[in-house]
Amino acid sequence: MVISSHIFMSTLHHLILIFFISLLGTSSYLQLIKPISCTKGPIFKCSEVEKAALLGFKYNLTDPSGRLSSWVGEDCCNWLGVGCDNSTRNVVKLDLRNPFSWFDDFDQYNKSCLGGKINSSLLDLKHLSYFDLSLNNFNGTNIPKFLGSLENLRYFNLSFSMFSGVIPPHLGNLSRLQYLDLNSNGFYPTLNQVESLEWVVGFPSLKYLGMDYVNLEKVPDWLHAINVLPSLRELHLASCGLISLPSSISSINFTLLSVLDLSGNDFSTSIPQWLSHLTNLRSLNLGGNNLIGKIPNSFANLCNLQALHLSVNNINGEITEFVDGLSQCSNSSSEDGNLPSMQEIDLSGNQLNGTIPESIGKLSMLVSLNLDDNQMSGTIPESIGKLSMLVSLNLEGKNSWEGVLTESHFQNLTRLKSLSLSMEVSAKATLVLNVKHDWVPPFKLREIGLTNVRIGPMFPAWIKTQNELKSLWLINADILDTIPHGLWKSCPNVVTWNLSRNKLCGQVPYFQFHPSSFYIDLSYNKLEGPLPLFHSNLSYIILRNNMFSEPIPKNIGQLLPTLYALDLSSNSISGEIPHSIGMLKELRILFLGNNSLSRKLPHSMRNLSSLKELLLPQNHLEGELPFFFKNYRSLTSLDLGGNKFSGKLPAWIGESSPHLMRLSLRSNLFHGNIPQQLCLLSNLHVLDLAHNNFSGAIPQCLGNYSDVGSGGFINEQMLLVSKGREYIYDEQILLLVHFIDLSSNNLSGEIPVNITNLVDLVSLNLSMNHLVGRIPKEIGNLQNLETLDLSMNELYGPIPESLSSLTFLSHLNLSFNKLSGKIPNGNQLRTLNDASIYKGNSLLCGPPLSTKCLEDETKPRVTPNGGNGVANENGRASIESFSFYISMTAGFIVGFWRVCGTLIIKTSWRQAYFRGFDNLKDKIIVFAVMVKIVRLLRKAKWERS
């Protein structure tokens, strides 16, 4: 059998050869038989010219991972990424796309990037139709112009490969192109740009055009240029700097368009009606464009639409008509028949109002619904439970939902994986999730986010059925219960836990976290007992505002080797900070404030060189500022307020932490001068050194700060005194606040003029020191100032007029100084009608003080009835007042007791006296008349001027 088969195959081969001989002749046969009889190499090889072209191309490339190491040998058709035509063996494909993406594995992606320079030897690849260099790194070089000469290209992809500069219009010569992807990198400093799009007219067959992140600011007529592409199916122009979205277009040529992405531009117009004429659209993305107005009712005609993304705009109105219209659509070509095709609706981050219509339940193919961060209200319809294809439901944000959610709202949501429901804390409405205690949901969620939704008082038992959970957030859910012991085992795959702002009580049961778990937040509850710092790979532990009372475990360094942030503030933790904390080499954020920690900081903290935020206020910690703080080069926030730290403030505090934005050392025992080096902290927003024993002058350089801010992953809080009261500022406010408090020290000297350069300063408190000199007249430069307290110093001179220009000033205290002159009463100061502001300045006058200024007593002014008389504040003629004082003087002289006594005794003297008095009376009358004439002359002159 085997022999017969062998003979048969041999005979068959001979017959085939004879057949070819008869067709081709002897010479052809010899050419054909030669490679067949050869034992080495394939039948065909790529040409030497094309092989040389590829090697020249490789020569100018950088290849750190050796992806092109296979480019050796005779046949280039076998090289990685090279494709040849099966019959001609010409190179037709060059696919060098990076196999790794930065989203998945940045390190591996970076190592696998090709770079360098593109060699013009590629022009010898005359038959190349497919060229892909995407996801590489050419480090900002220009796209070569000669690539426009590869005239057989049909597929061309340079996306996300770090090219920059002007895209050469020469690419318009690629007349056979069907796919062109030039998407740039949004995070690269210099993007690709285009000065004109006229060259796209050379692509009559183009179906795909991708130019995301390409700068098109200089192309206002972009739509006119795109409209010449009749074959276009997909258009991607996201984040291109476009500002023009025409409201109308005369005729639309790209009617075959199915995907349109114009997201991330800045149109700031209404949604144009002509978009509803693109009836083949399946995906429309206009997110992040500042669009205004309502969703056009005509959008309901887009019955083929599967994805609509209008997030982060200013769209208002209701969605009822739009959803009602979509629910009437039918897609007769769909496999299910007569079903609306809409699958994704993202309207988040707008100003939509009204309710969710009942018709939402008719969008039976809906997979994702996102109405997050709108102004919607009302009840959530039960019909939402009919969306059996729904995977993601997000109704979070500023919406004000009300009513009760029951099992009916979830009855058919068997595919649901992500559920996000929340309301604003300030919302008057109340949303309640009321299901039976033994309810078993039809879904297996991976993400649960319920914020400000009333779920309690019992801990929801149905959570234990969700064994596929990855993220569990039950925030401010009104749960008054203990954490169930079986919760952790029932949800073994959760990597982020947030049960904050409830009324959870009792101790936290021990559990073993999933190896990938990285975040747990149990803050603002009533949990007690030992700290739940179980051995794990957690990166974030937030236990703020509870009733934990036992010391920090001594082996915390061994328990939490990967810890990035630890917040134990506002508990009742006692003892000292353990030495092993120095083993937490990854620690960036450490909040231990408002506890009862004592003693010195452990020297092992010198190892925490990566710390960014260190907040230890309101404890009993002591000692000098540790020298190892010099290691904290990345520090942005340092709060040691309310402790017993002492000694001098070292100069290196301004040299070793160049990124410091917030520094609070208030209410400690520091003394000595404030070092000049503090001015090197150019990013400083908050400087609070109040209630210490600092002396000397305020550094003249204070005020050389810039306006830079950044926030952390967890919410930083800092106690600051403003407007005479203590406030807890959270991180969102701290990023905006510019604050200086040097009060209650022994500082002397003058107020530095440079401090008036801090135009963003919100609060300035220099009270209770020994400052002298004048208030800087440039104080009016601080246009954002809300609080100014200079009380209890030794300042003198007038209050600057510029102070009245501070329109935001709401708290002012200048009391107990040596200020003098008239109090300015313009603009904002008129609203601060409180005499205590100026108390203890005996030389000040004018409202709101009762002390009148002398210039007000004597200054002429027009009478209320508009006449020419001169009146004082009591309505009497000033000349009469003057005569009164003259008469008093004369009476004192005449009535001198010796004279009076003599007059009583001697009659002759009495007669002489009365004659003299008559003469004096005549002189006084004459004098009064003269004074009045002089005043009238002065008044006439003043009115003329």
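Per-residue Cβ neighbour counts within 10 Å put 127, 738, 603 in the sequence 603, 127, 738, beginning with the fewest. Taken along the Cα-to-beta-carbon direction at a fixed 7 Å, the label points for residue 778 and residue 537 span 5.6 nm. Using alpha carbons only, the radius of gyration of the range 115-225 set against its Kirkwood radius gives Rg/Rh = 0.94. Charge tally for residue 238 (other residues, Cβ to Cβ under 10 Å; Lys, Arg +1; Asp, Glu -1): -2.
Near residue 548, the amide H atoms lying under 5 Å from its own belong to 572; only residues 5 or more places off or on other chains count, and H is placed 1.01 Å from N. Exposure proxy shown here: for 303, 84, 240, the number of other Cβ atoms within 10 Å sets the order, fewest to most, as 303, 84, 240.
The residues neighbouring residue 76, those whose beta-carbon lies less than 9 Å from its own, together hold a net charge of -1 under the Lys/Arg +1, Asp/Glu -1 convention. For the peptides 112-120, 346-354, the ranking by packing is 346-354, 112-120, with the highest mean count of neighbouring Cβ atoms within 10 Å listed first. For residue 697, the residues whose amide H sits under 5 Å from its own are 748, ignoring neighbours fewer than 5 places away on the same chain, with H placed 1.01 Å from N. Here the Karplus relation 6.51 cos²θ - 1.76 cosθ + 1.60, evaluated at θ = phi - 60°, turns the backbone of the range 249-255 into coupling constants of 8, 5, 8, 10, 8, 8, 6 Hz, with x for every Gly and Pro.
For the pair residue 198 and residue 526, label points projected 7 Å from Cα toward Cβ lie 7.6 nm apart. Each residue of the range 609-621 was assigned a 3J(HN,Hα) from its phi angle through the Karplus curve 6.51 cos²θ - 1.76 cosθ + 1.60 (θ = phi - 60°); the sequence is 6, 8, 4, 10, 9, 10, 10, 10, x, 6, 10, 10, 6 Hz, with glycine and proline shown as x.
Coupling constants for the range 626-640 follow from the phi torsions by the Karplus curve (6.51 cos²θ - 1.76 cosθ + 1.60, θ = phi - 60°), and in residue order they are x, 5, 6, 4, 4, 6, 8, 5, 9, 5, 10, 9, 9, 10, 10 Hz; glycine and proline get x. Amide H contacts of residue 97 (H built 1.01 Å from N, in plane; Pro and chain starts excluded): 134 sit under 5 Å, all sequence-distant by 5 or more or on other chains.
Per residue, the average separation of C-alpha pairs within less than 8 Å and at least 6 apart gives the range 130-220 a relative contact order of 27 percent. Ranked by how many other Cβ atoms sit within 10 Å of their own Cβ, fewest first, the residues 521, 478 fall in the order 478, 521. How much FRET efficiency would the formula 1/(1 + (r/R0)^6) give for residue 555 and residue 482, where r is the Cβ-Cβ distance and R0 is 35 Å, rounded to 0.05? The calculated FRET efficiency here is 0.85. Taking Cβ atoms as reference points and 14 Å as the exclusive limit, the residues near residue 95 contribute a net charge of +2, counting Lys and Arg as +1 and Asp and Glu as -1.
Any read-out appearing in this document is the output of simple, stated calculations on the displayed coordinates, not a laboratory observation. Note that the coordinates shown come from a computational prediction; the quantities given were computed from them, not determined experimentally. Neighbour counts are summed over all protein chains in view; Cβ atoms, including those assigned to glycine, are modelled from backbone coordinates with ideal geometry.
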